[in-house]
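Heads up: the structure comes next, in structure tokens.
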Amino acid sequence: MTKIWQIIKYEYSRHVFNKRFLFSLLSLPILVVVMVLVTITIALFSTDTSPVGYIDHSGILSEPKPIEIDDSIFNPAIDFVLYKAVPHAQQDLEAEIIQAYYIIPEGFPQQRDIELFFLDSPSSSAQSQFRQLMLQNLDTFQGLDPQVQERLQEGSMLTIEALDGSREMREDQWFVVFIPLIAGLMFIIVVMTSGGYLLQAVVEEKENRTMEIVITSVTPTQLMIGKTIGNIGVGLTLLIVWLVFALIGVVVGGQFWPFLQDISIPTHYFVVMILVFLPAFIMVAAIMSTIGAIMTEMQEAQQISGLFSLLITIPFYFFQPLMENPNGFLAILLSYFPLTAPITIPMRMAFTTVPTWEIMLNIIILVVFASCAVWLSGRAFRMGMLQYGKKLAFKDIFRKHEAA
Amino acid sequence: MSTISIENVTKQFGETLAVDALSFDVQPGEIFGLLGPNGAGKTTCIRMILDIFQPDSGEISVLGGKMTDEKKNRIGYLPEERGLYQDIPLERCLTFLATLKGMPEKSIGPQLTEYLNQFDLCHVRDKKVKELSKGMQQKAQLISTLVHDPDLIIIDEPFTALDPVNTEMVKDILEEKRDQGKAIIMSTHQMNQVEELCDRILLIDHGHRVLYGTLQEIQTKFASRDILITPRSPLPSTIDGVMEVRELNGRFLLALEESAEPHQILKNLINQGIELTAFEIAVPPLNEIFIQVVKIQERGKYD
């Protein structure tokens, strides 16, 4: 156990305490922060916060009840200025004192018609806040129940519910579509990082010819367990750090974008993701170490492992058909194929109700495949570890074993 | 108790018989030479001792029984295929390899520093292994073989890439380890080093035992009827009982007649008034014995 721990520590620390890793660890959060900052800056400079004028012939806004606005950089509170006559408002518009002016005709309550004058299209904040102001000051609105008033102010909210009540989809939960995408992307990054490092670790062991010394100190199984856990740890570090940054991003971003505060992942979805990702991690790790044991050079090994990476990412290329028909033939096929299952299953679950038995069957297939991959990697490792400079033929792995 | 005991061990790879019914033992406090031409089965034999390969038949006992995890910690191995982690500093690499030999991290430091000083590698301890010269890497490899103070040391060509000064130092270390009661198996093609260091040797060819015993026994077995002398005065043109006289670097090799005995020749020389500073039975160098034996084996194989 101590020796496995030493190998885990060695594998983990040699990657994690490395400038290259720190760079890749921080590059994504920094990129996201920079993008957010750029968006905020653009919003700050592009949103026109100058007042909006209006000429009221209807008398609705003669003594307007002000609206309550959560002043933010994306929705700054706009002042509304009352003008007696059009020429005065026009003059201020041309002098860029106001960004636009409305003319509310006398017969507005009946005609529901209003005129807007501007040089450059006024900001969406200005338009929505004026609409709110008008709504709030209409006589018909004033006479309504406060709860109805609130509902009217919030607007409609469409909720689609399955007949058996198993699922529902709310209009404001559009981000649910992104969860499988983000989860899949995270899975790929972690798996590719860990798998890549593991591949490197096994090939280097052969390239450096250290294998013979190491296996006279530890068993091949101890060596592989240590290497696999150590390198999966590297990938998980990447994932955890990014998740922490994402959490900070959601908390901080929630101040500006309220929908972020509503993001939540259903528990069953989370459990299934763990049950799918865990055997998938082990499966990919085993595949990578098999490639490492068979190949003699890093470049060659990377090329082969690239093919597997391509297979894992296939569901992304079929995102649209999977979204349109999550229980179709393609979706079912991809969720039964072990390499594409880790991304397909969460994707289907986000778009439809996948029968529990089917999810369980997919997970069992993944576990069986992962076990076979581990067995295969063990054989390849034992057969290939002492063949310095010689490539191990795939059929050799299935030969009657000669190594201990 | 023998440190290693091998009884009738056989190992076959496909059609190739790598080791054929081989038996030998290695005792504590001896340097044991494992010799043989390329492809003779030496490495397979070492790998079976180290439990990397399992024998097809026969018994192997290491440090008193079957190989265990604990016993692996008591073995130092310098393989033929040298290897160290190239992309990390030397000290870190050696520390990691020492921890895999069960050394507590705290005790590695002082021991390692001592060896780094002895091998003159202290100044490069923070350098990456790949930045070191071949000789330095060889010394580092020797440190990783010895740092955990193993009871059984198996070294394959330990003097490769070493300069004469370091070669002498390594020889001294090996002798010191032998005197401490450690068992050392040395596989090399440098026969002069075997003659200098080994107490017993095993010569294998095509997987089976060809020669086995103390160096003296083997050399005596292959000794011809020659005498090597170092005279103070010139030799007479004829010496009774001597067929031929050949000069060898200031010494003379006397080939004896069939009926002559060495003590008679010594008597004759003294009677003839020749002063001698050295008189010895000419022993064939191990190199010659090796070539002779291997050639006989080859002939036997093709006849």
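Details
- Among B:GLN27, B:GLN137, B:GLN111, the largest mean-square fluctuation in a Gaussian network model of chain B (Cα springs under 10 Å) belongs to B:GLN111.
- The calculated FRET efficiency for A:VAL148 paired with A:PHE117, based on their beta-carbon distance and R0 = 35 Å, is about 0.60.
- Longest site-free stretch - chain A; sites: trypsin sites (Lys or Arg not before Pro), DSSP loop, at most 10 other Cβ within 10 Å: A:113-389
- DSSP beta bridge pairing in the protein assembly as shown, given as percent antiparallel to the nearest 5: 65 percent
- Average beta carbon contacts from partner chains per residue of B:75-87, 10 Å cutoff: 5
- When the charge dipole of the protein assembly as shown is built from unit charges on Cβ atoms (+1 for Lys and Arg, -1 for Asp and Glu) and taken about the Cα centre, the candidate among A:ILE78, A:PRO146, A:THR290 whose Cα reaches farthest toward its positive end is A:THR290.
- Across A:GLU168, A:GLU150, A:GLU11, mean-square fluctuation computed from a Gaussian network of chain A (C-alpha pairs under 10 Å connected) peaks at A:GLU150.
- The modelled label-to-label distance for the pair A:GLN255/B:GLU7, using points 7 Å beyond Cα in the direction of Cβ, is 8.0 nm.
- Share of Cα-Cα pairs in region B:179-303 lying beyond 24 Å, as whole percent: 44 percent
- The 3J(HN,Hα) values that the Karplus relation (6.51, -1.76, 1.60; θ = phi - 60°) gives for region B:45-57 are, in residue order, 4, 5, 5, 6, 4, 7, 6, 6, 10, 9, x, 6, 8 Hz. Gly and Pro appear as x.
- Just so you know, the Rg over Rh for the protein assembly as shown is 1.26, from Cα atoms, with Rh as the Kirkwood radius.
- Rounded to the nearest 10 degrees, the angle from helix A:267-294 to the longest Cα principal axis of chain A is 40 degrees.
- Relative packing of peptides B:257-268, B:1-12 - highest average C-beta neighbours within 10 Å first: B:1-12, B:257-268
- Remark: region A:118-127, residue by residue, has Karplus-estimated 3J(HN,Hα) of 7, 9, 10, 3, x, 5, 5, 4, 4, 5 Hz, where x stands for each Gly or Pro and the curve is 6.51 cos²θ - 1.76 cosθ + 1.60 at θ = phi - 60°.
- Between A:GLN299 and B:THR214, the modelled label-to-label distance comes to 5.7 nm, taking each label 7 Å out from Cα in the direction of the beta carbon.
- Note on chain B: with a GNM built from Cα contacts shorter than 10 Å, the maximum mean-square fluctuation among B:HIS123, B:HIS206, B:HIS148 falls on B:HIS123.
- If R0 is 51 Å, the Cβ-Cβ spacing of A:LYS19 and A:THR49 corresponds to a FRET efficiency of close to 0.70.
- Sorted by Cβ neighbour density within 10 Å, fewest at the top, the residues A:VAL32, A:VAL38: A:VAL38, A:VAL32
- Take each residue of peptide B:98-104, count the partner chain Cβ atoms within 10 Å of its Cβ, and average: the result is 5.
- Other-chain or far-sequence residues with amide H under 5 Å of B:GLY33's (modelled H): B:MET186, B:ASP199, B:ARG200, B:ILE201, B:LEU202
- Cβ-defined net charge surrounding B:GLU168, 12 Å radius [Lys, Arg +1; Asp, Glu -1]: -3
- Unsatisfied cross-links (Cα-Cα over 24 Å) in the set B:LYS134/B:LYS295; B:LYS42/B:LYS171; A:LYS206/B:LYS42: B:LYS134/B:LYS295
- For the peptide A:212-224, the mean number of other protein chain Cβ atoms found within 10 angstrom of a residue's Cβ is 6.
- Net charge contributed by nearby residues that have their C-beta within less than 11 Å of B:PRO89 (K/R +1, D/E -1): +2
- Given +1 at the Cβ of Lys and Arg, -1 at the Cβ of Asp and Glu and no other charges, the dipole of region B:63-132 around its Cα centre is 200 debye to the nearest 20.
- Residues whose placed amide H lies under 5 Å from that of A:SER72, excluding near-sequence neighbours: A:ALA77
- Exceeding the 21 Å Cα-Cα cut-off - candidates A:LYS227/B:LYS127; B:LYS221/B:LYS267; B:LYS71/B:LYS101: A:LYS227/B:LYS127; B:LYS221/B:LYS267
- Cross-link partners for B:LYS139 among the aspartates and glutamates, with Cα-Cα distance under 12 Å and sequence neighbours closer than 8 places in the same chain left out: B:ASP120, B:ASP163.
- Excluding same-chain neighbours fewer than eight residues apart, the aspartates and glutamates reachable from B:LYS177 by a Cα-Cα span under 18 Å are B:GLU30, B:GLU114, B:ASP149, B:ASP151, B:ASP156, B:GLU157, B:GLU168, B:GLU195, B:GLU196, B:ASP199.
- Nearest 10 degrees, 0 to 90: helix B:90-100 Cα axis against chain B principal axis: 80 degrees
- Charge sum, other residues only, whose C-beta stays under 14 Å from A:ILE60's C-beta, Lys/Arg counted +1 and Asp/Glu -1: -2
- Distance in nm between pseudo-label sites at A:LEU361 and A:SER27 (7 Å out along the Cβ direction from Cα): 4.2 nm
Taken together, the values in this text are just the output of simple stated rules run on the coordinates, not laboratory data. These numbers come from a predicted model, not from an experiment. No Cβ is skipped: glycine too gets one built from the backbone with ideal geometry, and neighbour counts run over all protein chains shown.
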